[in-house]
Structure formats: structure tokens, C-alpha cells
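> Provided herewith is a single structure, encoded as C-alpha cells, for subsequent inquiry.
The values are calculated or read from the model by the stated rules, or taken from the named source; none is laboratory data. Computed from a predicted structure; not experimentally measured. As a convention, Cβ positions derive from the backbone with ideal geometry for all residues, glycine included, and neighbour counts pool all protein chains shown.
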Amino acid sequence: MCLAVPAKITRLEESGQGTVDYMGSEVKANFSLVPKARRGDWVIIHAGFAISVLDEAEARETLQLFKDMADASR
Amino acid sequence: MKKISLELGGGGRLMRDFIADRIIPAFGNSILDELSDAGLLPGGLAFTTDSYVVDPLFFPGGDIGRLAVNGTVNDLVVSGAEPLYFSLAFILEEGLDGGVLDRVIRSIRGAAKAAKVRIVTGDTKVVRRGQGDKIYINTAGIGRSVARPRAAKIRPGDKIILTGTLGDHSLAVMLARGEFGLVSNVRSDCAPLLFLLPLWKRGALWMRDITRGGLATVLFELAERIPYPILVEEEKIPLSRPVRAAGDLLGIDPLYMACEGKAVVIAPASRAGELLRRIRANPLGRKAAIIGEVQDRVGRSGELLLQTASGGLRLLEPLTSELLPRIC
Amino acid sequence: MKELRNPKAIRKLLGDIEEIARLLSRPPRIMEVCGTHTMALFKHGLTPLLADAGVEMVSGPGCPVCITPAGIHEAAIDLVAEREGLTLAAFGDMTRVPTRKGSLQTAIPGPGSRIKIVYSPEEALDEARRNPSRQVVFFGAGFETTIPAIAFTAKRAAAEGLDNFSILPALWLVPPALRAILEAGEIAVSGFIYPGHVSAIIGAAPYGFVARDHGIPGAIAGFEPGDILLAVRSILEQAAAGTPRVALEYARAMRAEGNPVARALMDEVFEPFDAAWRGLGTIPQSGLRFREEYAGLDAPAKQGLTVADAGRDLPGCRCGDVLRGIIRPEGCRLFGTKCVPDSPLGPCMVSYEGACLIHFKYGRTRRPSP
């Protein structure tokens, strides 16, 4: 699986194993590469591993940017 | 092709070439040459057959038995025929659990009853352990033509109706194999499309059920038959959440994923609205939508174009290589 | 994230891009080096929209399966064909790469040997745990996005003392490839889109030399249409202002410093070496191999397998030139005629991230009617 998608952590065990929810589907994931991640965080999943934690403030900013651009465009 | 490859069964180009290069030259006649889902016989009968090799046998939303009835029912419906009489043939693997077979038989009975078809003849063979994968089923169906599909009447402006979400069957079977470490509540959409039969008298010109190869393959086959390009709007295509998610996670394109209870219906613009309403009135058609049209503004004859969500325009290609083996 | 596909926002960005492109002294040519970016550009029909806005997009070596030389693919085939009771686990597209020995899919396995398609290196490790009497080899190809996952899996295997698991590595580093492309000077590039998820691992600093030493603008981008256009706009703004840098246009998913935990893991298990890439030749410090402490996990060593350095592509295949960005897939005589997804002649037509496959499946675009 070469793709990487943002998904929400639903289960995170001490061992680093757990699951994420992606649009209602649950996927097994390994969180050893993102030790600071917590349940409820959004992460980027690639090849069964979380490689990065999403910055929700940045995400909201980006979404707002695009909403504004869509509104500005006629 | 020296050796048969698994990809041949995928419903894509290899299969079409196989039919064109080996089957038609051997057997070609005016009925077979139409390459409809069912042979349309003189005297108002339609006749079709299909074999079912799905693995695993049971999956959320269905099983091989239900598939074996509904798949053949649907081939008749989209060919303009009311399904009536079926044959049922089993190839069983030595060692198959009797309880499993009973479950499948019960399932076939339930599906046949729901589809109002009678099983009037059949056959059973048993092969050595290891020479067949548990159960293979073939059904052949005879139906009474209520209308003839008329691809020749299709014109620019005619609408393309999709009766519901794509890919649910495909995903349900894949996940039932436990291959992906992915859990979702997707269920196969295996169902009889009898509710589409009355639409033949209400303006439907052409129908196809969406099986192996998905929507793209069905529309590509239509594009090959008519002298106008087809335009589909990505945004209008209904997808369930699990299929959307699997598409992103696994890189599989829902446009090529098999269904077992969905169809494409072509109708003139003046009739499409009413047909859509009728389809949506049925529980199996709640998510139906007009997803595109036959047109002659962009593209060339034989082309299938996709307008992407972002406003781009590209050609859709027919399925080339085997997406997933043994899903139907 | 569907706002990042909103056609009105896309149109607005394209308008900005067209305006800035007109200010530049030369029509801009921007290279991306990530198969997922290539895919996004084509799937969403962005390439012709950008061309209409005056920007030419070019693909570089963004497909790890494609740049893995034939010799390594053939070594994988040898493993399956010549060993008994061996499971070769690999990502799906790798099993269809054609070589002079056929592909993994068509190879006749040795007695009891087989191929297993997996979606994660951990699945391969699991297979080894569940089948202690079988040798399991994970054929892992990837850039820095995938390498930490493979490193973790290797470390786990070592920690558990699993003696039936090993990895056939095909691990490639992006910044050295950029360096090689710039030094080869075969193609004039006015800007780079850097791969968002590789960057989530390595951060922004490794691309710094592109701006500093070559004066070429660049932006790290995500994979939605909006992400890519934001990056293109940033690149053109940098060019217009004469201030090349490495812009972070994917701040929601990556930090400037990357992922130090992932990098430490990569560094613990692997060391860089001068690796031979399909098409680009040997690039200094561009590949990763197991460090000595982990040599027991290296499949060639463990299985006594010789890996031919480069091997040879099938005749006429120009995958290497496509990877260098000097031709488009359409520039190869075999594209769409003898080389099609059903019967591919090279990895670029097989891999999900291969430029030829992407151009074939998604690249036939049309202009929307006025």
C-alpha cells in the first residue's frame, strides 16, 4: 500500500499497536513511529504505520483557505 | 495466448479479446454476435448462463447461492426479459461439509423464491479433493422477453442512470477474505433487479448490470456500440463510505469494482426523471442518480470521458489487469 | 478534505498561477518526484489545466518499484523459483514487474514455495511468526516514507530472534536523486514539488541545497488537487521574486524537522551506500543497506543469493529515460502499442506509481468544452 491517508486513532496500546478509523472503516496500525500520538489524534497512515501526526490547527486553516477561495471565485 | 492466465476471468480486455478471438470465430451466429448479457431467441425467449466461483462462499450480505440466482436473474432483466425457469448445476469438491452445502441450497431456494424463478433441471458432479474449490455453481436461465434493448436508438442527450452505490460486493468479498487488516460494515449488494423490468415499457433504451470490471467496463462496452461519446460526472457517482475509504486506503478505484445488484439504465432526457423516481422508490434503488449522458460536445465516438470533481476532463479506460480474483 | 477539490477554489488557484506564470521570463517547467503526485495530477485532470495556465509538469524518478533495477527483481524471482518452502512477501504491483525471467507472478515456484501479496511489512513478519518452518522473505521497495516501517519490522524480527525472516531491500533516498538530476543537467527545471510524505519523515532541510546551490524554487506538497496547486503557485511566486527556498505547503501533515523518531530508526538499522538506480546509474549515498549488526536480516546474505547489479531492461523499454524526466511515457515507441498494462514491458507500466501506467490509465485528457 503506497498510499498514505489521514485517519483518526481509535485504539492505541502500550505495545504501539492499535487501530485507526478512516471514514467509518477500521484499520490496524502501528504507532511506534509517532510515540507522542494519543487516542483521538489524527495521523497519516502508510503501509500500516502512522508516520506523522496531523496538526489540526493547520488543517482547519487550510480548509478555511479553500472555503474562502471557493467563495471568492465566481 | 498460450496459457490461460487468471486475468482472463477478470472481465477486462483479455476477456473481450478471448471472446473475439476464440469464441465468436468458433460459434458466431447472429444471436451470439450481439454479445448481450442474454441470448435473445426468436419466439420471444431470452437465454443466459453464468458460473459462480466466489471465494469465500459466505460473506456479509450474501453467499455463492444467492449470487448464482441473482446474477442470472439480472442478466435476463437487463436484456429485457422476465426470468422464469432456471437450471442449477453443482461441481462439488470431495470432502465438502454437508452442512455447508445445505446452507447454500437453502440460500438458493430463498433467492429463487424472491426472484420468482423455478429451478426445473440440474446436475451434480463431485471431483477429487484438491481439484475444485469447495463449490462451483452454474445456473442457466430462460426468460420471456418483455422488450428488446435498443442501443441503436440512443442519441446525444440521453441520460445515464446508475441505480446505486458502486463496489460494495467487491469490497465485502475482499474483506471477508481477511486480507487487509481492514474492518468495515460493508455488505455485498447482491440482489435481484426485477424492479427494473417495468422500466422497459417506460422509456428505458438499454440496461446492463454492473459486475466484474465495474461501471467503467459497462460504460466502455456501451461506448463501443454507439457513435457518440459518453460523459460521466465523478461528483454524481454514489459511493458508500466503506468503498470510498477502501479506495483511498487500498488504492482500488471504485469505478472498476464489481457489484452484484446495481445496473446502468439509459433513457431519453424526457423520461429519465420519471425513471429515476421509480428506481428510487424501490429500497434497492434509494441512492440512484443520473451520473452522466450520451453527448456530442466533447470527445470522439467510442470515448468514455470523466469530468473530475476538480473540473478536469479525462478518458476512462476499460479494466486492463485483474483487480481481484474470485469475487463472483 | 473535499474543499481541496472544490472546482471554484481550483479555478481561482489556476487563475493566480496563470497570472504569475506570465510574469516569468521563461515558461515554467516543474518536476514532481513522487508517483502519488503523478497520479493525483492525472486522476484529477490537472495536467492539461496547468498547461493551459502556462505551466508544464514533468515527472521524475518518483516510483520506487520502477527505479529498482532489473537485477534485484530477478533476484526475487530466483528466490521463489529456486528455493523450497519459501514465501516471498511483496506489495502487489511488484509481483507483476516484467524481467527477462518473467515476473514474480509468472515464475514457477520451487517445491512448496509461493508469493504472498501484503500491504505492510508487518504482515510479512506475521507470516514468519505463524509459519516457523518456512523461510519468509519480504521484498521491500520504497523511499523514505516506507523505509522506517521496514526498519521497525527488521528491528522487531531481530528482537524476537526470528530466524526464518529476512528482507530483500530496495531502499532509495530522494534528495540524492534530485542532486543527480540537477548535476546531469539533462532537463531544465524551474521548480520542484517535493513529496509530502517523504518530507514528513525527512523534513525540509535535505532539499535546501536545491534552492541554495542551484537557485531553484521548490515546495513540499500534499496530494489533494488543492495541495498541488498551492505548491505550484508558491514555486512561481518564488521564481517571480527571485527568492528560491523550500516552501512548506503541507504544514498540516508534516513538520519542518520531519520525524526524528522515524529517522533514528532508519539510521539504526540501515546505512547509506552508492546504489545503482534503473535509468539514473549509480548515485552516491542514494540507497540503504543493512548495517552489520542487522546483516542477519539481509535476504541476499542469509539466503546466499547473488544480486546482479543492474540487470538489463527488456529491449526497447525506455523506463529509465522516463524516470530521468527526459521523455514522457508517450515519447516511448512502445507506449500504448506493445507496452500496455495487460502486457507490460517495464516496471513503469506496472507499478501503481509508474508514470507510464498512470499516463495510460489517466493521461488521455480532453479540454472541457467552452
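> Of everything in region A:24-65, what is of a type in the set (V, I, T) and in contact with a Ser or Thr (Cβ under 8 Å, 6 or more places away or on another chain)? Give them in sequence order.
A:V27, A:V34, A:V43, A:I44, A:I51
> Would you mind telling me which numbered condition in (1) buried (at least 19 other Cβ atoms within 10 Å of the Cβ); (2) at the interface with chain C (Cβ under 8 Å from one of its Cβ atoms) A:A7 fails?
(2)
> For region C:130-146, which positions are more than 10 Å from chain A (Cβ to nearest Cβ), farther than 23 Å from B:L175 by Cα and not in a loop (DSSP other than H, G, I, E, B)?
C:Q135, C:V136, C:V137, C:F139
> Can you pull out the residues in region C:219-235 that are within 12 Å of C:G191 (Cβ to Cβ) and either within 14 Å of chain B (Cβ to nearest Cβ) or more than 18 Å from the chain's Cα centre (by Cα) (or both)?
Selection gives C:A231, C:V232, C:R233, C:S234, C:I235.
> Can you tell me which residue in region B:182-212 is surrounded by the fewest Cβ atoms within 10 Å (Cβ to Cβ), limited to those that are within 25 Å of B:G110 (Cα to Cα) and within 14 Å of another protein chain (Cβ to nearest Cβ)?
Applying the filter and picking the extreme gives B:N185.
> Of the residues C:E123, C:E127, only one is more than 30 Å from C:R324 (Cβ to Cβ), touching a Ser or Thr at 6+ places or on another chain (Cβ under 7 Å) and assigned to a helix (DSSP H, G or I); which?
Result: C:E127 is the single residue among C:E123, C:E127 that is more than 30 Å from C:R324 (Cβ to Cβ), touching a Ser or Thr at 6+ places or on another chain (Cβ under 7 Å) and assigned to a helix (DSSP H, G or I).
> Now a separate question. Of the conditions (1) touching a residue at least 60 places away in the same chain (Cβ under 8 Å); (2) among the hydroxyl-bearing types (S, T, Y); (3) touching a Gly at 6+ places or on another chain (Cβ under 7 Å); (4) more than 30 Å from B:K3 (Cβ to Cβ), B:S79 fails just one. Which one is it?
Failed condition: (3).
> Mind checking whether some residue in region C:111-127 is within 23 Å of C:P315 (Cα to Cα), surrounded by 21 or more Cβ atoms within 10 Å (Cβ to Cβ) and not polar (S, T, N, Q)?
No, region C:111-127 contains no residue that is within 23 Å of C:P315 (Cα to Cα), surrounded by 21 or more Cβ atoms within 10 Å (Cβ to Cβ) and not polar (S, T, N, Q).
> Let me ask something additional. Might you check whether a residue that is on the phi > 0 side of the Ramachandran plot and of a type outside the set (S, T, N, Q) occurs anywhere in region A:47-70?
Within region A:47-70 (the criterion being on the phi > 0 side of the Ramachandran plot and of a type outside the set (S, T, N, Q)), the answer is yes, since at least one residue qualifies.
> Would you be able to tell me the number of residues in region B:8-62 that are assigned to a loop (DSSP other than H, G, I, E, B), surrounded by fewer than 18 Cβ atoms within 10 Å (Cβ to Cβ) and within 14 Å of chain C (Cβ to nearest Cβ)?
0
> (1) touching a Lys or Arg at 6+ places or on another chain (Cβ under 9 Å); (2) outside any helix (DSSP H, G or I); (3) surrounded by fewer than 18 Cβ atoms within 10 Å (Cβ to Cβ); (4) not polar (S, T, N, Q): which one isn't true of C:F209, the others all being true?
(2)
> Here's a follow-up. Determine whether region B:82-91 contains at least one residue that is surrounded by 14 or more Cβ atoms within 10 Å (Cβ to Cβ), in a loop (DSSP other than H, G, I, E, B) and not aromatic (F, W, Y).
no
> Applying the selection to region B:289-306, what residues are of a type in the set (V, I, T), under 15 Å from B:R155 (Cα atoms) and either outside the structural domain of B:P227 (by TED's automatic domain parsing) or under 21 Å from the mean Cα position of the chain (by Cα) (or both)?
Correct list: B:V294 only.
> Would you say B:D123 is part of a strand (DSSP E or B) and at pLDDT below 95?
No; evaluated as a whole, the condition is false for this residue.
> State all residues of region A:4-62 that are in contact with a Gly (Cβ under 7 Å, 6 or more places away or on another chain) and among the polar types (S, T, N, Q); if no residue qualifies, say none.
A:N30, A:S32
> Would you list the strands (runs of 3 or more DSSP E) that sit entirely within region C:4-99 and hold 1 or more residues that are surrounded by 18 or more Cβ atoms within 10 Å (Cβ to Cβ) and within 14 Å of chain B (Cβ to nearest Cβ)?
Result: C:56-59, C:86-90.
> From the set of residues in region B:151-196 that are of a type in the set (S, T, Y) and modelled with pLDDT of 95 or more, which is farthest from A:N30 (Cα to Cα)?
Only one residue fits best here, namely B:T163.
> Can you tell me which residue among C:A21, C:A75 is more than 23 Å from the chain's Cα centre (by Cα) and at pLDDT 90 or above?
Matching residue, one of C:A21, C:A75: C:A21.
> Among the residues of region B:254-275, is there at least one that is touching a Cys at 6+ places or on another chain (Cβ under 9 Å) and either of a type in the set (K, R) or free of Cβ contacts under 8 Å to residues at least 40 places away in the same chain (or both)?
no
> Here is a further query. If a residue has to be within 22 Å of C:R134 (Cβ to Cβ), of a type in the set (D, E, K, R) and in contact with a helix residue (DSSP H, G or I) (Cβ under 7 Å, 6 or more places away or on another chain) to count, how many in region C:144-188 make the cut?
2
> Go through region B:165-181 residue by residue and tally those that are surrounded by 24 or more Cβ atoms within 10 Å (Cβ to Cβ) and either touching a strand residue (DSSP E or B) at 6+ places or on another chain (Cβ under 7 Å) or on the phi > 0 side of the Ramachandran plot (or both).
Final tally of qualifying residues: 3.
> Turning to a different aspect of this structure: Is it fair to say B:V186 is under 30 Å from C:D126 (Cα atoms) and part of a loop (DSSP other than H, G, I, E, B)?
yes
> Select, from C:L323, C:L314, C:L334, C:L297, the only residue that is within 26 Å of C:T87 (Cα to Cα) and not acidic (D, E).
Testing whether each residue is within 26 Å of C:T87 (Cα to Cα) and not acidic (D, E) leaves just C:L297.
> May I ask you to list the residues in region B:75-103 that are over 21 Å from the mean Cα position of the chain (by Cα) and of a type in the set (A, V, I, L, M)?
Matches in region B:75-103: B:I91, B:L92, B:L96, B:V100, B:L101.
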